[in-house]
1. Can you tell me the order of 152-161, 30-39 when each peptide is scored by its average per-residue count of other Cβ atoms within 10 angstrom, highest first?
2. Quick one: what does P(r) look like for segment 152-289 with 5 Å bins over all Cα pairs, in whole %?
3. Once the Cβ-Cβ distance between residue 480 and residue 279 is put in as r, and R0 is 45 Å, what FRET efficiency do you end up with, to the nearest 0.05?
4. Send over the semi-axes of segment 2-205's equivalent ellipsoid, whole angstrom and largest first, taken as the square roots of 5 times the C-alpha gyration tensor eigenvalues.
5. Restricting to DSSP H runs of at least four residues, report the calculated mean residue ellipticity at 222 nm for the chain, -39500 (n - 2.57) per run over all residues, nearest 500 deg cm²/dmol.
6. Output the peptides 46-56, 333-343 sorted from most to least packed, where packing is the average of other Cβ atoms within 10 Å over each peptide's residues.
7. Assuming R0 = 60 Å, can you tell me the calculated FRET efficiency for the pair residue 358 and residue 66, based on Cβ-Cβ distance, to the nearest 0.05?
8. If I take R0 = 45 Å and measure r between the Cβ atoms of residue 256 and residue 43 in this structure, what FRET efficiency does the formula 1/(1 + (r/R0)^6) give, to the nearest 0.05?
Ligand code: SF4
C-alpha cells in the first residue's frame, strides 16, 4: 500500500475526497470546471517562473514508476546535485522512527510505503548518509498564505526525507506567491502530520466512507460536488443549512441534534452557551432549520423569548426607508479580475417607475488600461439620476467605489455622496428574514424566487475565465457572454428587491 503526499493533502482538505478519489464511483465525478483548470494552469505558470531561478536536475525514470523514481532520486542525492526537481522520495513505514509507527493500528504494517514528491530538494550544508550535505524539501504554491495543509505536507516530506538521507532536515520551505520563501516550523507540524497519516491509513484500510459535509468554500471546485450534494440532499444533511459550519455541526452532534426536525424544535438557549454559537447565532440556526423544514419565510429576531412565531419584532423605519420606492432606481453590479486587481465591467440597470421603463447600461474595459475610462463613465451615468438609490448585492461594489476613487484621485464630491445612496440588498435580507434556501447568494435567492439566468452555467468564476480568454484570443462572443451574465445579475438584484419590498410592506401591514 502506498500513501502519497497528494492523498494526505486531499485528506487534510476533506477526508471524504481522499476516500472518493480511491474508492468512489468515477462515473459520478464531474470534469473540472474552467475555473479549476485556470487555477491549475496559473499554478503551473507560477512554478515555471520560480524554476527559472534554479539550475536543477531531474531524475531519469519511466513516467509513473515510483520505485524507479525513488532510486533515480537517491542517485542524484548521493551525487550531491544542488537542486533536484520532480524527485521521488520513498520510505517503508517500518523504517520510520517512532512515534508514528505506534499510532498506526494496522495488520499490514510492513506493507505500507510512504511516497512524496516535493517540488524541489535543495542541497544545504549538514551531514547525511550521502556526505556533508543534506536536502531540504521545498514546495512551490500559488497561494499567498502558508496554508496549514501545506505545512503539514512539508512535515510529511521531511519525515520521509529523514529516513532516506538518515538525517532530519531541520527546515522545510514553501515558496509562495508575493511572499517568497516561508520557513515551515516542522517541529510544530510533525504531530499533526502523524495523527492525520494515522487516520488516513485507518480510513483507507477499513474502507470507512466519511460523512458528507457540504461547505461552499471547500466544495465549490470539487469534482465530486454533484455526487456529494445529492447524498446530502437525500439525507437532508444539516450542512445544507446556512450557518451550520463544521465546528457548529460537531456541537450539534454532541447534543444529538442531527436532523432537520430535531434542530428546528431545539431551544436556541441550549446552543447559546457554546462559543461556536455567539451573538444570536443559535437563534438564527434554529430559525434556519424551521424555515427549511416548513418551507416558509421567517422574520429574523434579535432575541429568543419563547415560541418563534410569537416574537416578531417591528421592522425598523431604517430598513423601510432603505427599500422605499423611489421614482428611479439603479441596480449596480461589477465584474472584476481579482488577480490583476482589475474591475473591468460596471453594469447598471436603470428602472424608471415614472414611465415604466428599464434600461441596462454597460461600461466595459475591453482593454485593462480602460479601467479609469469606465469608472468615469459609471460616475457620469449615476449622476444623471442624482437622488436615485443604487441597489447592489454584498459589499464589493461599495469597496470598489472607494478603491477606484482613491486610485484615480476622483474629487470627493463625485463619489462620497454615492455611498449614502447605496443599498446592500443582501444585508437587508440577511438582517431581516430567514429563507428556506441553502445559502444567501444572489443566485440561490433569485432562483428560489423563480428568476433564471439566461446562461445557467454563468457565474463569477466563469466570468473571470471568459475575460482572461477574451484578452488571449480576442473572441468577442466571450465579452457578450460576460455582459449577458452581468445584466442578469442586475435584473436578479432588482427581482429580489421588488419581492423583498413587497414582503416587508405586507408584514408591516399585517401588524398595523
Ligand atoms: S464535494 Fe465537498 S464533501 Fe464532497 S468530496 Fe468534495 S470537498 Fe469533500
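No lab work stands behind these numbers, since they all come straight from the coordinates. All figures in this text were calculated on a predicted structure; none of them were measured in a lab. A quick note on method: Cβ atoms are made from the backbone with ideal geometry, for glycine too, and the neighbour counts reach across all protein chains shown.
1. Numbers: 152-161: 26.1, 30-39: 14.9.
Those peptides, ordered most packed to least, come out 152-161, 30-39.
2. In order of increasing distance, the bins hold 2, 8, 13, 13, 13, 14, 13, 11, 8, 4, 2, 0 percent.
3. Working: r = 45 Å, r/R0 = 1.00.
The computed FRET efficiency comes out at 0.50.
4. Values: eigenvalues 122, 106, 55 Å².
Ellipsoid half-lengths, sorted descending, are 25, 23, 17 Å.
5. Details: 21 runs with 245 residues, N = 512.
That comes out to -14500 deg cm²/dmol.
6. Working: 46-56: 13.2, 333-343: 16.9.
Ranked from most to least packed, the peptides come out as 333-343, 46-56.
7. 0.45
8. On the way: r = 43 Å, r/R0 = 0.95.
So, using R0 = 45 Å, E works out to roughly 0.55.
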